[in-house]
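Asks: Quick one: the structure is below, and I'll ask about it shortly.
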Amino acid sequence: MSLGLVVAAAFLAGLVDAMVGGGGLLTVPALFSAYPAAPPVLLLGTNKCGSVAGTGVAAWRYSRRIRLDWAWLAPATLIAFASAGLGAWTLTWLDPAFLRKGLPWVLMMVLLYTLKYPQFGLQSSLNPHPSRLRLWRALAIGAVVGWYDGFFGPGTGSFFIFLLVRWLGQDFLQASASAKVLNVTTNLAALLTLAAAGQVWWQVGLAMALANIAGSVVGTMLAFKHGAALIRRVFIVVVIVLIVKTGLDGYAGTTSF
């Protein structure tokens, strides 16, 4: 029953995560509910095992259908990987509690900006910035969000997508494709760090990985079929849920993911 719960959550998480991120909203609470006696760090490591598989498949499927600009994406990916590893290392000596109260307000600003501009992310802007500026912006996104994912994590995929739309002029479909490439590297860096510390429950993690992959395939199919408009709507819903969840964590003292 416990394994069935987390596998079902992993499938749904893969579906949502393939479009806009936020799969941890489903898998982490499911893991904590199914295995309440397990150490939290072990459950978080196990979650990364599942999510890295689904995100990796989503990144591969997007790359076959969506043109990716590797001129900035490749170096940003390397920076994101290194930064996520640094963030995970920072977690070993610094408590992330100081982020809990500020995160809902950051997400609220993301939501309000998206709602303020109805066409935001529905169409791409071709070469909106000089190539050198795009590169530096992409490196900054990879460095900051990558470190955040390794250190804390909630909303990483949504932050990647929002910043790629806002700073690099991509539409939501393009941004989701690029975000998956970035996010798979940050997940992998965190997984390697936690696995080296023996904090991955491989039996459960591999079962979650298979379910996450299946959900990811369905999610990417929906994204290809309905495009940026659907992804924008799902993005808004996920950000609202993130605001509620992180607000409860930061101000009501509920169990954080």
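Asks: So if each residue of separation counts as 0.36 nm, and I subtract the Cα-Cα distance between Tyr251 and Met108, what length gain in nm does that give?
Replies: Numbers: separation 143, 0.36 × 143 = 51.48 nm, distance 1.50 nm.
Value of the extension gain: 50.0 nm.
Asks: Straight-line reach from Lys245: which lysines fall under 22 Å, measuring Cα to Cα and dropping same-chain residues less than 8 apart?
Replies: Output for Lys245: Lys48, Lys101.
Asks: How much length is gained if the chain between Leu115 and Ser131 is pulled fully straight, taking 0.36 nm per residue apart and subtracting their Cα-Cα distance, in nm to one decimal?
Replies: Values: separation 16, 0.36 × 16 = 5.76 nm, distance 2.85 nm.
Length difference between fully extended and current span is 2.9 nm.
Asks: Mind jotting down the distance between the C-alpha centroids of the stretch 205-257 and the stretch 59-102, whole Å?
Replies: Here the answer is 17 Å between Cα centres.
Asks: Mind checking which lysines have their Cα closer than 22 Å to the Cα of Lys225? Skip sequence neighbours fewer than 8 apart in that chain.
Replies: Straight-line reach from Lys225, under 22 Å: Lys180.
Asks: At 24 Å minimum axial length over the Cα atoms and a Kyte-Doolittle cut of -0.5, report the qualifying DSSP H helices in the chain, or say none. Don't skip to the end; give the middle numbers.
Replies: Numbers: long enough: 2-20 (27 Å, 2.14); 40-65 (37 Å, 0.10); 70-91 (31 Å, 1.26); 131-151 (30 Å, 0.50); 172-196 (35 Å, 1.14); 202-251 (35 Å, 1.36).
Helices meeting the span and hydropathy rule in the chain are 2-20, 40-65, 70-91, 131-151, 172-196, 202-251.
Asks: Something else about it: I need the trypsin sites (Lys or Arg not before Pro) found in the stretch 1-109, filtered to DSSP loop residues with at most 12 other beta carbons within 10 Å of theirs. Write out the running numbers ahead of the final one.
Replies: Details: sites: Lys48, Arg61, Arg64, Arg65, Arg67, Arg100, Lys101; in loops: Arg67, Lys101.
For trypsin sites (Lys or Arg not before Pro) across the stretch 1-109 that sit outside H, G, I, E and B with at most 12 neighbouring Cβ atoms in 10 Å, the list reads Arg67.
Read-outs: derived from the displayed coordinates by stated rules, not from any lab. The model shown is predicted, which means the values in this text are computed figures rather than measured ones. Note that we place each Cβ from the backbone using ideal geometry, even for glycine, and neighbour counts take in every protein chain shown.
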